[in-house]
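Shown next, in structure tokens, is the structure this report addresses.
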Amino acid sequence: MLSLVVMVFATLATGFLVWANDKRHGKYGIALPAGISVGIGALSWIAFIAAGMGYQPGLTWIPWILPIVLGTATAAGTAVFLGRTRTARDTAELTKALRL
């Protein structure tokens with residue numbers, strides 16, 4: 001269980017760091033990347049533990065490190081995708097409003 005607690009705190013922190021480093025972070029909420037990061041990290045931790053990787057010699061690092069990496073990568077991908085998509089949509093709506 002210690003690996004789960006460490007993973008949750010680490011992915012939460014990396015999710016907030018992803019949000020803070022995104023130049024378009026005003027387009028989506030602060031909790032979105034952190035929540036996605038923790039969710040993906042927790043699901044992957046559960047999958048790795050259920051697969052027995054937490055108790056195999058030589059594989060015990062997988063439930064400690066890989067969920068943090070997967071959660072951070074997912075949060076970064078989400079931030080990039082939502083930042084671009086919402087910026088384009090907001091620009092289109094502003095252009096439409098200004099043409100009226």
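Taking residues in region 5-29 that are more than 22 Å from PRO63 (Cβ to Cβ) and of a type in the set (A, V, I, L, M), and partners anywhere that are open to solvent by 30 Å² or more (accessible area, probe 1.4 Å) and assigned to a helix (DSSP H, G or I), not one pair has Cβ atoms closer than 9 Å while being at least 6 places apart or on different chains.
Among the residues of region 70-90, count how many are hydrophobic (A, V, I, L, M, F, W, C) and surrounded by 17 or more Cβ atoms within 10 Å (Cβ to Cβ). Qualifying residue count, region 70-90: 5. Filtering region 8-56 to residues that are modelled with pLDDT of 90 or more, open to solvent by less than 50 Å² (accessible area, probe 1.4 Å) and not aliphatic (A, V, I, L, M) leaves THR11, THR14, GLY15, PRO33, GLY35, SER37, GLY39, GLY41, SER44, TRP45, PHE48.
The set of residues in region 49-70 that are touching a helix residue (DSSP H, G or I) at 6+ places or on another chain (Cβ under 6 Å) and not aromatic (Phe, Trp, Tyr) comprises ILE49, MET53, GLY54, ILE62, PRO63, PRO67, ILE68, LEU70.
The values are calculated or read from the model by the stated rules, or taken from the named source; none is laboratory data. Since we're looking at a predicted model, the values are computed, not measured. For neighbour counting, all protein chains shown are included, and Cβ atoms are generated from backbone atoms with ideal geometry for every residue, glycine included. The area values use the complete protein model at the heavy-atom level, side chains included, leaving out ligands, DNA and RNA. Shrake-Rupley method; radii C 1.70, N 1.55, O 1.52, S 1.80 Å.
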